[in-house]
Amino acid sequence: MYKRQQTKILVPRACIQILKNAAIDAESRGFEAITLDHVNVATKCARKYRRSYLLRKLNERQQTLYELLKWNKVMDSGRLFNQYRKSMNETITDRSYRNYMTKMVELGLVREIGSGRWKKYEAAL
């Protein structure tokens, strides 16, 4: 199965919004031009906004998985699955777990490292 390499390409609309916010910041501070620092600050704000937007799309179970990953940085799939089952105190099928993780990878919240038995997950945002 062919997997596309994920790249960090910004949508033109997001770029325009970042520049707009950088211009507002520069103007409010009395600068006559936008500096790289203004753009960097605006980019960080845009990333935080995007992350909060994507996290609101997750259900409670997916949010729990994301929090476990954020806390542990990188985890292999089996260990993450076992910790998730312990934290939720309920049964979950392997298929549901894989579906949750696939959705979070597609949203860009989580990165897959490796494949098969040696697959690991890492919080991306």
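On the stretch given as the range 66-103, residues that are of a type outside the set (Ser, Thr, Tyr), closer than 14 Å to residue 123 by Cα and buried (at least 17 other Cβ atoms within 10 Å of the Cβ) total 5. Number of residues in the range 1-40 that are basic (Lys, Arg) and either modelled with pLDDT of 80 or more or not in a loop (DSSP other than H, G, I, E, B) (or both): the value is 3. If only residues of the range 14-65 that are of a type in the set (Lys, Arg) and in contact (Cβ under 8 Å) with a residue 24 or more places away in the chain are counted, the one that is farthest from residue 96 (Cα to Cα) is 47. Residues in the range 105-123 that are out of contact with any helix residue (DSSP H, G or I) (no Cβ under 6 Å at 6 or more places or on another chain) and not hydroxyl-bearing (Ser, Thr, Tyr): 105, 106, 108, 111, 113, 114, 116, 117, 118, 120, 122.
A single entry from 52, 115 fulfils the requirement of being surrounded by fewer than 16 Cβ atoms within 10 Å (Cβ to Cβ), under 28 Å from residue 16 (Cβ atoms) and either of a type outside the set (S, T, N, Q) or modelled with pLDDT under 90 (or both): 52. Of all residues in the range 112-125, those that are in contact (Cβ under 8 Å) with a residue 24 or more places away in the chain and either in contact with a Leu (Cβ under 7 Å, 6 or more places away or on another chain) or part of a strand (DSSP E or B) (or both) total 6. Beta carbons closer than 7 Å, at least 6 apart along the sequence or on distinct chains, pair a first residue in the range 80-106 that is in contact (Cβ under 8 Å) with a residue 40 or more places away in the chain with a second that is aromatic (Phe, Trp, Tyr) for 80/121; 104/66.
For the range 41-88, filtering for residues that are assigned to a helix (DSSP H, G or I) and either out of contact with any helix residue (DSSP H, G or I) (no Cβ under 8 Å at 6 or more places or on another chain) or not hydrophobic (A, V, I, L, M, F, W, C) (or both) leaves 29.
The values are calculated or read from the model by the stated rules, or taken from the named source; none is laboratory data. Remember, predicted model here, so these are calculated numbers, not experimental data. Neighbour counts run over all protein chains shown; Cβ positions are idealised from the backbone, glycine included.
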